[in-house]
Amino acid sequence: SSIGSESDDEDASRLNTRDHVQRNSRGFADFRVKRISQHQFGRREIDLVEQEMGGLMTLRKKAAADQPLAGARILVCIHINAQTAVFIETLAQLGATLRCCSCNIYSTQNEATEADIPIFAWRGESDEDFWWCIEQCIETESWSANLILDDGGDATNRMSKQFPALFRQLRGIVEESIPGVHRLYQMCSREPGAPSLLPCPAINLCDSVVKPRFDTYYMAREGIIDGLKRTTDVMLAGKTVCVCGYGYVGKGCSQALRQMGCIVFVTEVDPVCALQACMAGFPVVKLDDIIKKVDILVTCTGNKNVVTMRHFERMKSGCILCNMGHSNTEIDMSALQDKRLTWERVRSTVDHIIFPDGRRIILLAEGRLINMSCISFSSMVVSVTSCTEDVYLLPKKMASLHLPTLGAQLTELNDDQARYLGVNKAGPFKPHNYKY
Ligand code: NAD
């Protein structure tokens, strides 16, 4: 269901979701979602993923009585699907009031959007809808956000520009993405002496111990295969793949693709990451030198214009082009609007781009990050990351909430061993700056 279909697209053009007021079974109407009639399927999906999200469910039970989030009014702008529904419902059960919208126009899982929480999100929003949905979550007559939970920085950016008075009253921001964190740093460190434009503390989730190692690495490792298979039904074994960027996402993708029998090349700008790729057995090459051979090209740099017309022009016919980075900047999409090229829609997240000589590139999700648009989420990974987003308990400890789900038995230090290592028996077991 998360891939969407042509019928989704047709419905989207017939119905204007923004103007379509619907009510749930309890008469609640403060939301805009695709089809409220799908809610039973959505609820079943949520029930299903709750079983994999042991950490969050444990947190609900442990903290529900304390209501640690009472008074929190959270503008939530993240991917909206069954897994994040569990997260959103957890925040509500811990006392927060929320208004939620999607951080990506393609990633919403329509049937998982029904709740008594105001949600403004549907798959295939236009850009205008996207910003409208965010604005519905900033303030209403009786509610205004005092916290933002953001993935990509769009909600933060919109609030700071269009609602400056409300923005100044914020109590905190949690940002999940690298580009969003980058913008937050830009807001607080301007020219020397200039006041920070950031009115409140912000939590940089990307630098938490857990996020890159679980969400980023494992999500990429599982997601890349799922995304390629679901969209193109491609046989991966024996394919020549180039992965641009060997950070956490690139490492996950490269490893998964090699496991499937692909011949994987890597491009990097950072010598440390390049060396890591070499030591893991991936040849580090320049994209220009390899492009003619590549069957599948995956970008994961978080950068812009990594793949440009210079590369498109030399690609093999049938080359699959996709992006695992946050936004849609890595593939030069404006170059692909060239009048000489013909676009043919194959599936809702697959386009053929045909060159005058008949060669075609298979572009996934219009250059937006493929795993959020074209695959199901890994519930366990979302659970691990969501627990990190809570400042109520320490992130490293939160990892232990998930161990029972995996049947893991932790060894306990005895007094003598703890003294010998110079640590507390209950942890932390590593210095603050330890690189896991
Ligand atoms: P990272 O910073 O660890 O890695 C990016 C790597 O790309 C770096 O090593 C950098 O040196 C390299 N790079 C930059 N420009 C390059 C270029 N022109 N050519 C080759 N290499 C280049 O970041 P990350 O955690 O791996 O995340 C990468 C992107 O993926 C970000 O946009 C991030 O927001 C996004 N992300 C995606 C997912 C997902 O599930 N798809 C999950 C988390 C993050």
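Looking only at the stretch 278-292, decide whether some residue is out of contact with any Gly (no Cβ under 6 Å at 6 or more places or on another chain), of a type outside the set (Gly, Ala, Ser), more than 10 Å from the ligand (Cβ to nearest atom) and under 20 Å from GLY358 (Cβ atoms). Before you say what the answer is, go through the steps one by one.
Step one: filter the stretch 278-292 for residues out of contact with any Gly (no Cβ under 6 Å at 6 or more places or on another chain), giving 278-292.
So of that shortlist, the ones also of a type outside the set (Gly, Ala, Ser) come out as 278-279, 282-292.
Checking which are more than 10 Å from the ligand (Cβ to nearest atom) leaves us with 278-279, 282-283, 285, 288-292.
The next check asks that each one be under 20 Å from GLY358 (Cβ atoms); those that pass are 291-292.
Within the stretch 278-292 (the criterion being out of contact with any Gly (no Cβ under 6 Å at 6 or more places or on another chain), of a type outside the set (Gly, Ala, Ser), more than 10 Å from the ligand (Cβ to nearest atom) and under 20 Å from GLY358 (Cβ atoms)), the answer is yes, since at least one residue qualifies.
Annotation note: of VAL269, VAL264, the sole residue that is crowded, with 21+ Cβ neighbours inside 10 Å and either more than 8 Å from the ligand (Cβ to nearest atom) or assigned by TED's automatic domain parsing to the domain that holds ILE362 (or both) is VAL264. When the stretch 186-214 is filtered for residues that are part of a helix (DSSP H, G or I) and within 14 Å of the ligand (Cβ to nearest atom), the ones remaining, listed by number, are LEU205, CYS206, ASP207, VAL210, LYS211, PRO212, ARG213, PHE214. Of the set (1) modelled with pLDDT of 85 or more; (2) more than 9 Å from the ligand (Cβ to nearest atom), all apply to TYR217 but (2).
Kindly indicate whether MET159 is more than 20 Å from the chain's Cα centre (by Cα) and in contact (Cβ under 8 Å) with a residue 40 or more places away in the chain. Yes, satisfied. Filter the stretch 230-249 down to the residues that are within 14 Å of the ligand (Cβ to nearest atom) and without any contact (Cβ under 8 Å) to a residue 60 or more places away in the chain, then identify the one that is nearest to CYS206 (Cα to Cα). Among residues in the stretch 230-249 that are within 14 Å of the ligand (Cβ to nearest atom) and without any contact (Cβ under 8 Å) to a residue 60 or more places away in the chain, the one nearest to CYS206 (Cα to Cα) is TYR248.
Across the stretch 296-320, the number of residues qualifying as away from the ligand (no atom under 13 Å from the Cβ), free of Cβ contacts under 8 Å to residues at least 60 places away in the same chain and not basic (Lys, Arg) comes to 7. Might you check whether a residue that is within 24 Å of the chain's Cα centre (by Cα) and of a type in the set (Lys, Arg) occurs anywhere in the stretch 235-249? No, that holds for no residue. Checked against the criterion of being of a type in the set (Gly, Ala, Ser), at pLDDT 95 or above and more than 20 Å from ASN328 (Cα to Cα), the stretch 144-154 has at least one qualifying residue. Looking across the stretch 228-256, the residues that are surrounded by 17 or more Cβ atoms within 10 Å (Cβ to Cβ), within 17 Å of LYS316 (Cβ to Cβ) and of a type outside the set (S, T, N, Q) come down to LEU228, LEU236, LYS239, VAL241, CYS242, VAL243, CYS244.
The rows are residues; the columns are (1) crowded, with 23+ Cβ neighbours inside 10 Å; (2) of a type in the set (Asp, Glu).
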| position | (1), (2) |
| --- | --- |
| ALA82 | yes, no |
| GLU89 | no, yes |
| GLY95 | no, no |
| LEU98 | yes, no |
| SER102 | yes, no |
| SER107 | yes, no |
| ARG123 | yes, no |
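Checking the stated criteria, ALA70 turns out to be under 26 Å from ASN146 (Cα atoms), touching a residue at least 24 places away in the same chain (Cβ under 8 Å) and more than 18 Å from the chain's Cα centre (by Cα). Residues in the stretch 296-330 that are more than 18 Å from the chain's Cα centre (by Cα) and aliphatic (A, V, I, L, M): ILE296, LEU297, VAL306, VAL307, MET309, MET315, ILE320, LEU321.
The values are calculated or read from the model by the stated rules, or taken from the named source; none is laboratory data. Everything numeric in this text was worked out from a predicted model, so none of it was measured. Note that each Cβ is placed from the backbone with ideal geometry, even for glycine, and that neighbours are counted across all protein chains shown.
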